[in-house]
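Here's the structure, in structure tokens; my notes come after.
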Amino acid sequence: MTGRRGALIILEGVDRAGKTTQSTKLVQALQDRGHPAEMMKFPDRTTKIGQMISSYLVKATNLEDHTVHLLFSANRWELVPLMKEKLEKGISLVVDRYAFSGVAFTSAKPGFTLEWCKSPDVGLPKPDLVLFLQLSPAEAAQRETFGNERYERADFQKTVLQRFNQLMTDPTLNWQVIDAARTIEELHKDILRHSEVAIEQAATQPLKELWK
Ligand code: 2DT
């Protein structure tokens, strides 16, 4: 590889924290400042695997819990060649959810350990930055109501938040907790600042493997 690689930047957080709004704004701001950047989101509902996941999320179909966990992971793996290609070309990727959502949501179900949930995602491209949009359950409750998809329930989301907190104790990852209870512009400024630092650092470093 010659030249600078792009950075892998992930946005995580509980539902209604503003991940999608912030991902869109971040990509736009990076491009405006001369950093090639593209947005991705997981699950990517456009692939065949993604369509199975989508049908499960809208409750059109039921899938066994381990099975759907592995489908979410497979949906990331099927996009790894494309992600690597873009990163190597110097394009930074801003990704709305990644393996951390995968682990936090499944391990919030009874009978799942963090270790089991992490294993299918071991070896994915390792993020250079994981932004966690922090919003307390009380603050989240003041935003618009949940939709009708699976997992959109306050009690379940509370457990998901606990699992995210466990994942954030991992010192091998560059977690940055962002207070999402502020205005869209305030959050954006913070997120852009962290992202530009990560892009600068990633440029000269090889891409590593997650949880390995
Ligand atoms: P969106 O509302 O962002 O489309 O997410 N989820 C997501 C999992 O359970 N496992 C995963 O690996 C990922 C990426 C979180 C749809 C829901 O899917 C959950 C919310």
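The table that follows gives values for the structure above.
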item: Radius of gyration and maximum dimension Dmax of region 9-161, Cα, Å; result: 15.7, 47
item: The chain: relative contact order in percent, alpha carbon pairs under 8 Å with at least 6 residues between; result: 35 percent
item: Efficiency of FRET between Q31 and L114 - r from beta-carbon atoms, R0 45 angstrom, step 0.05; result: 0.80
item: Residue list for region 13-45, given a label point 7 angstrom along the Cα-to-Cβ vector of F156 and an amide N cut-off under 16 Å; result: 14-16, 43
item: Cleavage-rule hits, trypsin sites (Lys or Arg not before Pro), region 1-71, DSSP coil, Cβ neighbours within 10 Å at most 12; result: R33, K59
item: Kyte-Doolittle at least 1.6, axis length at least 24 Å by Cα - qualifying DSSP helices, the chain; result: none
item: Under DSSP loop assignment and at most 15 Cβ neighbours within 10 Å, longest GluC sites (Glu not before Pro)-free interval of the chain; result: 79-143
item: Distance in nm between pseudo-label sites at E139 and I184 (7 Å out along the Cβ direction from Cα); result: 1.7 nm
item: Separation of the L63 and T172 label points, Cα + 7 Å toward Cβ, nm; result: 2.6 nm
item: Neighbour net charge for L63 - beta-carbon separation under 15 angstrom, K R +1, D E -1; result: +2
item: Highest-fluctuation residue, A104, A181, A37 considered, GNM on the chain with Cα pairs under 10 Å; result: A181
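Bear in mind these aren't lab numbers, they're just calculated from the coordinates by the rules spelled out. As the structure is a computational prediction, the values presented were derived from the model and not from experiment. Counting neighbours? That spans all protein chains shown, and the Cβs are built from the backbone with ideal geometry, glycine included.
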